[in-house]
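Enquirer: Have a look at this one before I ask anything.
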Amino acid sequence: MAQKNDFKLPEWMNTKNDYVPEKDNHSFITKTILSFFKLFRHFHIEKNENISQTRAGTRLALVFGIILLCALTKNLFFCAFVAAGLILLLCFTKIEILKKVVATSFIAALFTFLIMLPSFIFFKSNAFINISIKVFLSTSCLILFALTTPWNKITASLSYIKIPSFVIFVVDLTIHYILILGNISYELLFALQLRSVGKNQNKEKSVSGIIGNVFLQSMNMAHETQEAMECRLFNGNYVSKKQKSKLMDFIPLVILIFYTGIYIVAI
C-alpha cells in the first residue's frame, strides 16, 4: 500500500511564480512592420485599382508626354492647364492615393524650391518658381500613374515605348523579388515581436539575424531562378501578352494631342 507522502507535489510546484518581465521598447519593430505593410499595400496587384479601363501603355505615353511638355514650356499658362486636369483626375481617386500624391509631390517641390532659392537671392531670378511648379506637376503625374497601375502592367507597358526586353526583364524581376523578400522580412519581424519577452539588451543581434536570413533566402532564390531559366531555355526575349485595342485606349492619346495643341498656342 502506497504511503501518504508519496502523493505530495514537489516543492518547486508549490512555489508561486513571481516573474514579471521588464518592459522594453518595441517601437523599432512596430514601425518597421508598419512600413512593410504600407509598401505591400501600394505594390500589391489587388490593392491597386485603375482610375479607368484604358491600357497602361497609352497612359504611360500620356505621362511622359505631359512631363516633356512641362519641361519645355516657358509659360505658366500651360502649367495651369496641366494642374487643372490633374486636379480633375484626383477628384476621382481614393483619399489615400490623393494624400500620397500631394505629400510626395509637395516634398519634391519644396526640395527643388530650397535648392533654387539662392538664384533668387543672388541673381533676382524667378526661375525657381517655374521649376518648382514643374517638378510638382511632373512628380504628381508619375506618382498617380504608379499608385493606380499594377506593377506588372507598368513593366509590360514599357515595351510600347521600345524599351529593350532585357531592361524590362530586370525591372520586373527586381520588383517581384523585392515583394517576396519584403514579405519574408515582414514575417520574421512579426515573429520576433511575438516571441520578444522582457527586455532585449542585444537588439542588434536580432536585426542582423533577420538580415542574414533574408540574404541567404535571396541567394537561394537567385540560384533557383537561374536554374529555372536554363531549364526553360530562356533566350532573353521578354514578350508581353497582346491585348485587343479598345476605344477607351485612345483617350490618353487624344488628351496628349489636346495638351500639345495648348502648348503650341502658349508658346
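Okay, residues lined up against (1) on the phi > 0 side of the Ramachandran plot; (2) exposed (fewer than 14 other Cβ atoms within 10 Å of the Cβ); (3) charged (D, E, K, R):
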position: Ile133; (1), (2), (3): no, no, no
position: Leu137; (1), (2), (3): no, no, no
position: Thr149; (1), (2), (3): no, no, no
position: Thr155; (1), (2), (3): no, no, no
position: Pro164; (1), (2), (3): no, yes, no
position: Leu173; (1), (2), (3): no, no, no
position: Arg195; (1), (2), (3): no, yes, yes
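Enquirer: Any residue that is closer than 12 Å to Leu60 by Cβ and out of contact with any helix residue (DSSP H, G or I) (no Cβ under 6 Å at 6 or more places or on another chain) - is there at least one of those in the range 164-171?
Expert: no
Enquirer: Of (1) touching a helix residue (DSSP H, G or I) at 6+ places or on another chain (Cβ under 6 Å); (2) more than 18 Å from Val63 (Cα to Cα); (3) at pLDDT 90 or above, Ser119 satisfies all except one. Which?
Expert: (3)
Enquirer: Continuing with the same structure: For the range 1-104, which helices (runs of 4 or more DSSP H) that fit wholly inside it have 1 or more residues that are of a type in the set (Ser, Thr, Tyr), touching a Pro at 6+ places or on another chain (Cβ under 6 Å) and at pLDDT below 85?
Expert: 56-72
The values are calculated or read from the model by the stated rules, or taken from the named source; none is laboratory data. It should be emphasised that the depicted structure is a prediction, and the values quoted were computed from it without experimental measurement. For neighbour counting, all protein chains shown are included, and Cβ atoms are generated from backbone atoms with ideal geometry for every residue, glycine included.
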